[in-house]
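Notes follow the structure.
The values are calculated or read from the model by the stated rules, or taken from the named source; none is laboratory data. Keep in mind it's a predicted model, so treat the numbers as computed, not measured. Note that we place each Cβ from the backbone using ideal geometry, even for glycine, and neighbour counts take in every protein chain shown. Side chains included, ligands, DNA and RNA excluded: accessible areas come from the protein's heavy atoms. Shrake-Rupley method; radii C 1.70, N 1.55, O 1.52, S 1.80 Å.
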Amino acid sequence: YGYQGYPSLYAWAQVSNESMWGWNTDFVQHRQHHPSGNNLLFTQIGNHFPVSSKVTQNTSTSFDLYIYLTQATSAICIKAESEHYRRGKGASYKTMGALYWQLNDIWQAPTWSSTEYGGRWKMLHYYAKNFFAPVLVSSYEDPADAYGVHVTSDLNQPLAGYVTIQIWTYTGNMVAAIPSNFSFIPQQSAPVFLGTISKMITQGCASRSSCFFYLIATDTSKNVLSTNVFYLSSLANVTLPRTTITVTSIQQASPSSARVQVSCGSGSVGLYVWVETSVAGLWSDNGFVLFPDAPVTLTFTAWESFTVDSLKSSIKIKTIADTI
């Protein structure tokens, strides 16, 4: 199973120039080897995200935003299916593994890979690190309005802890927090919460399109084991506020160190926060949710020589709100 996503502009720039960039240009169509692939991908993006004229123009800025949306779409499609299989470990069909298509790439093109040609991680690969982690908290709606939260453990020892369902508005207010607990034998996968969405959102949520759920699983010492997000509505139906994310500090352990600590924060909710730089390398996390006044510190590991100034000047941060 798999879903296509585009490689970054940095990859496209290796084999093309700005005049060839756009979601439906001759060059991109030539590199698309899945029949009707670009149209299918464009339709799927519209199922999940707002698509404005900012995304569909044949300019480098629009193409960059379109690339971002293809990667987010690929990530959530594979995430949803993989989490279903992980939950299946505790069901009668006892799914014990899954293999998505595909890992890497032989060229710069729209493909199913989670890493692009050259090794940079697409959003899917960052998500795979989480949905294939030894402990996973995930959730689902089935049937309509029935909401379940599941914890899956691949640990060879017992696991006990807590799951908190935080209910957030898109304007950045946490209006409720629903706690539950669990105590698992080794290698257990089971539901830890069952509820009704319409009853869960009666406090502080005008409708399903005004709130989302954020899940936090911790052990009994309150160490975070897994986090996840569940959107109650397609973001195409949500009025998203503008998000401004700023880099607050960049610290390199030593002049010769390949690792840099990059801190960023926001005064509002940031969804699918995507951080990138022209310096080839790997982030400790990406495609995440950023909450108001709760800055995060990411570790960037460079694969090539750089200076802190060149890294700082080339950092770009996107959220879904930027595509509107």
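Before moving on, here are some points about what is shown:
- Other-chain or far-sequence residues with amide H under 5 Å of S268's (modelled H): T244, D293
- Placed amide H near L232: partners under 5 Å, 5+ positions off or other chain: F213
- Only protein heavy atoms count here; under a 1.4 Å probe, W101 has an accessible surface of about 150 Å².
- Using 0.36 nm per residue and subtracting the Cα-Cα separation, the extra length available between N39 and K54 on full extension is 3.6 nm.
- Taking all protein chains as shown and a probe of 1.4 angstrom, M174 keeps an accessible surface of around 90 Å².
- Each peptide in 237-249, 302-314 was scored by the mean count of other Cβ atoms within 10 Å over its residues; highest first, the order is 237-249, 302-314.
- Accessible area in the full protein assembly, largest first, 1.4 Å probe, for H48, H33, H84: H33, H84, H48
- The Rg/Rh ratio of segment 229-280, with Rg taken over Cα atoms and Rh as the Kirkwood radius over Cα pairs, comes to 1.11.
- Under the simplified labelling scheme, the K316-T299 pair shows an inter-label distance of 2.7 nm, with each label point 7 Å from Cα along Cα→Cβ.
- Fluctuation leader among I201, I178, I45 - the chain, Gaussian network, Cα springs under 10 angstrom: I178
- Using alpha carbons only, the radius of gyration of the chain set against its Kirkwood radius gives Rg/Rh = 0.96.
- For W112, W168, the ranking by accessible surface with the largest value first comes to W112, W168, using a 1.4 Å probe.
- Taken over the chain, lysine pairs spaced eight or more positions apart, or on distinct chains, with alpha carbons under 23 Å apart number 16.
- Taking N as its residue count, the alpha carbon Rg of segment 244-324 over 2.2 N^0.38 Å: 1.07
- Cβ-isolated cysteines (cut-off 4.7 Å), the chain: C77, C264
- Extending 7 Å from the Cα toward the beta-carbon at both S284 and L155 defines two label points whose distance is 2.1 nm.
- Distant-in-sequence amide contacts of D285, defined by a placed amide H-H separation under 5 Å and a gap of 5 or more residues or a different chain, comprise T299.
- Counting all C-alpha pairs of segment 71-203, share separated by more than 19 Å (%): 59 percent
- Candidates K122, K94, K79: whichever shows maximal mean-square fluctuation once the chain is modelled as a Gaussian network with Cα springs under 10 Å: K94
- Degrees separating the helix 37-48 axis from the principal Cα axis of the chain, which is the longest one: 40 degrees
- Residue-normalised accessible area of the chain, given per residue in Å² at a 1.4 Å probe: 45 Å²
- Order of exposure, largest accessible area first, which applies to Y162, Y147 with probe 1.4 Å: Y162, Y147
- Where a label projected 7 Å from the Cα of A144 along Cα→Cβ would reach, residues of segment 175-202 with amide N under 16 Å: 196-199
- GNM flexibility winner over the chain from V269, V15, V296 (Cα, springs under 10 Å): V15
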